[in-house]
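Below is one structure, written out as structure tokens; comments come after it.
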Amino acid sequence: MKLATKTTLLVTLILVVTLSSLAGLSYYQMRRMLLEQLEDRLLDTAYYAAQDKDVKEALLSGDPIQRQKIGGMAEDWRRRVGFDFIVVINQKSIRLTHPVAENVGRPFEGGDEARVLQKGESYISEATGTLGESKRAFVPVLAGGVQIGAVSVGTTLVEINHQLTAKLNQFAPFMLFAKLFDGSFFNLIDAEYLILQGSRQIS
């Protein structure tokens, strides 16, 4: 086998190994990475809403006009970030905002809001609410160091699965290419080996 051929095959082998390593990322690992990114976005959005002065004013004053104002703001934020809901609740777990208007003024559903209201913790949870089973972030709303409510930002598991499937499908052409390339390379190795063995036998 010529040196140039060996060098080409070595470079190709390195490339194949690299591509195979990337393509070899399991569905579980990729899904987990994408879910972590989603959870970070949920928390970031909830933190942003919890710091808003209009949200704090609505919780403190109880003014219906102010509550209506933050309802519009929450819907605008929700559409921009692409989540299913941004809900502001008071310390009694009553919704001040909700994408479905008739749910405003009703108790928050799911039961996973207790930690944020009782302990002031920020966290990610999964529970079933009025929109179905969802993953949601909770962040307390503070005014002068005193908790006055909380914000929950979430999206349904059905929507999450749709998004994950769409993103994972973006890797499919690359993985297929790597697989085909991988097979072609080893076929080339086999052919080169057979040629080399044949030339040795003739000589």
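A few notes on this one:
- Volume per residue for the range 28-163 equals 98 cubic angstrom (convex hull of Cα atoms).
- Cα-derived Rg to Rh of the range 38-88, Kirkwood definition: 0.98
- The ranking of Val81, Val11 from fewest to most other beta carbons within 10 Å of each one's beta carbon is Val11, Val81.
- Neighbour counting of Cβ atoms within 10 Å sorts the residues Ile65, Ile160, fewest neighbours leading, into Ile65, Ile160.
- Of the trypsin sites (Lys or Arg not before Pro) in the range 46-155, the ones in a loop by DSSP (not H, G, I, E or B) with at most 15 other beta carbons within 10 Å are Lys92.
None of the figures in this text is laboratory data; all of them are computed from the coordinates on show. Quantities reported herein were computed from a predicted structural model and do not represent experimental measurements. Cβ atoms come from the backbone with ideal geometry, glycine included; neighbour counts cover every protein chain shown.
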